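Here is the structure we will look at.
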Amino acid sequence: MTTPPSPASPTPPPGCPAHRLYGPEAEADPMGLYEKLRAEHGAVAPVLVQGDLPAWLVLGHRENLDVARTPSRFSRDPRGWRDQQEGRVPADHPLTPMTAWQPVCHLVDGAEHERLRGAVTESLERFDRRGIRRYVKRFADQLIDQFAESGRGDLVADFAEPLPMLVMTQLVGAPDSYGPRLVEAARDMLQGTETAVASFEYVSDILRELVMRKRAVPNRDFTTWMTEHPTSLSDDEIVEHLRLVMIAAFETTANLIANTLRMVLTDGRFRANLSGGHMTLPDALEQVLWDEPPFMTILGRWATGDTELGGAQIKAGDMLLLGLGAGNVDPDIRPDLTVPVHGNRSHLAFSSGPHECPGQDIGRAIADTGIDNLLTRLPDLELAVPEDELQWTSSLMSRHLVALPVRFTPRGSTVTGSTPVPRSAARTPRTPPPVVPVPGERPTGRGSWWARLLGRR
């Protein structure tokens, strides 16, 4: 439905009435809305975000690359947002956690961006990839142990959501028990709810405590390496980047795991390819990154001057949203969406240009290793409900499965007395949580026909 702005709302960009990217209609079928916008406006469409604030949604693949790769025209610094400069964005606006300027690499450009991003990428590069996979396997086993004996589980709540945050808490050097406590706050923050600002502060406070601990007692972890980096980052800068890395890894990787598992369990094309040995797990992950990217849109870019993009006349200070999901299905580059895209990594799932996701290899490692472990231990997984009963929830930036119920032959845990991982954690007053004992490595279960998915020819 096309909804004109109310008289009290700021004037949208030319070409409106514009479509809202929030609310029940937009959230019910975001990809359908993107295609409607493409049909009406082409590669760039006028839209409204929360509060009926005007923005441009970039739908074309080429146009998304243009915006992402030219910060001189489309800055990442939100201080150039005209609506904010003119007082139309209240402090408690749902998008404030993602549009309020902070000393963080993804909100600056030029030399300052290079300084801050360098500290992040150089610290991430110090991780041993084999060590990351060991962490993933350990936590995956702990999560699977919690439901393996029942013969049933929800692969979203029981596996896809907790696994990335548990791994990331280990990589940043936090106690294991931090992970479940942060999942709820992270999801709330990214959904732009009424409590998003409170969740933002909650996450920041926990990470600030962590930085203080690491300055006092350093270790071999991402937080310590950030405190020791030659750029001499301030505590505020470290906290901002810890939150950025952890939250981005959580949302993107949880969605990637859930979407890949859903596709493997429900898509007949993939079942046929897998049973024939023509697809590996990395192939399946890349297909999902094309068809269902973890972030559907990214906030935001701000025009540094009047310019033209995809036939739209952009004014200085206008906000633009990168349409990653829409760009990935642009008919100009994918005229037939049923054709597999094996080996093709030109998708937009991790953006592009100077602000391309620096942790994408870690996200892939978590998803690849976690799914490998799950399918090896539970080789006869199958969907426990009809596919048409699966439900999604959507926000401005992402779309994710509510649940993925499965059934399988009940199996025992991998080790007697393994430390259980808390299923969830209430948002309670902060107290330093105890360190959870870490069990040793455990052998995986037997193999199966899923070995063809995992690339074991």
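The values are calculated or read from the model by the stated rules, or taken from the named source; none is laboratory data. Note that the structure is predicted; figures quoted are calculated from it, not measured. Counting neighbours? That spans all protein chains shown, and the Cβs are built from the backbone with ideal geometry, glycine included. Surface areas here come from the heavy atoms of the whole protein model, side chains and all, with no ligands, DNA or RNA. Shrake-Rupley method; radii C 1.70, N 1.55, O 1.52, S 1.80 Å.
Got a number for residues in the range 398-407 being of a type in the set (Lys, Arg) and either open to solvent by less than 10 Å² (accessible area, probe 1.4 Å) or within 19 Å of Ala28 (Cβ to Cβ) (or both)?
So in the range 398-407, the residues of a type in the set (Lys, Arg) come out as 399, 407.
Those still in the list that are either open to solvent by less than 10 Å² (accessible area, probe 1.4 Å) or within 19 Å of Ala28 (Cβ to Cβ) (or both) too: 399.
Residues meeting the conditions: 1.
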Write out, first by first residue and then by second, each pair whose Cβ atoms fall under 6 Å of each other, whose residues are 6+ apart or on separate chains, and whose first residue, in the range 91-119, is of a type in the set (Phe, Trp, Tyr) and open to solvent by 30 Å² or more (accessible area, probe 1.4 Å) while the second is in a helix (DSSP H, G or I) and at pLDDT 85 or above. Trp101/Pro78; Trp101/Arg79; Trp101/Leu107
Within the range 145-157, restricting to residues that are within 14 Å of Ile257 (Cα to Cα) and modelled with pLDDT of 95 or more, the one that is most open to solvent (accessible area, probe 1.4 Å) is Asp154
Only one of (1) more than 30 Å from Thr376 (Cβ to Cβ); (2) outside any loop (DSSP other than H, G, I, E, B) fails for Leu285. Which number is that? (1)
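Rundown of residues vs (1) in a helix (DSSP H, G or I); (2) open to solvent by less than 10 Å² (accessible area, probe 1.4 Å), yes/no style:
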{"residue": "Ile132", "(1), (2)": "yes, yes"}
{"residue": "Tyr135", "(1), (2)": "yes, no"}
{"residue": "Asp176", "(1), (2)": "no, no"}
{"residue": "Leu182", "(1), (2)": "yes, yes"}
{"residue": "Leu210", "(1), (2)": "yes, yes"}
So Asp236 fits all but one of (1) farther than 29 Å from Glu382 by Cα; (2) among the acidic types (Asp, Glu); (3) open to solvent by less than 10 Å² (accessible area, probe 1.4 Å); what number is the exception? (3)
Suppose we filter the range 215-232 for residues that are of a type in the set (A, V, I, L, M, F, W, C) and open to solvent by 10 Å² or more (accessible area, probe 1.4 Å); how many remain? 3
State the number of residues belonging to the range 61-79 that are in a helix (DSSP H, G or I), open to solvent by 30 Å² or more (accessible area, probe 1.4 Å) and among the charged types (D, E, K, R). 4
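Filter the range 8-60 down to residues that are assigned to a helix (DSSP H, G or I) and open to solvent by less than 20 Å² (accessible area, probe 1.4 Å) and give me whichever is modelled with the lowest pLDDT.
Filtering the range 8-60 down to residues assigned to a helix (DSSP H, G or I) leaves 24-28, 30-41, 50-52.
Now restrict to residues that are open to solvent by less than 20 Å² (accessible area, probe 1.4 Å): 26, 30, 34, 37, 52.
Details: Ala26: 87, Pro30: 92, Tyr34: 95, Leu37: 96, Asp52: 93.
Selected residue: Ala26.
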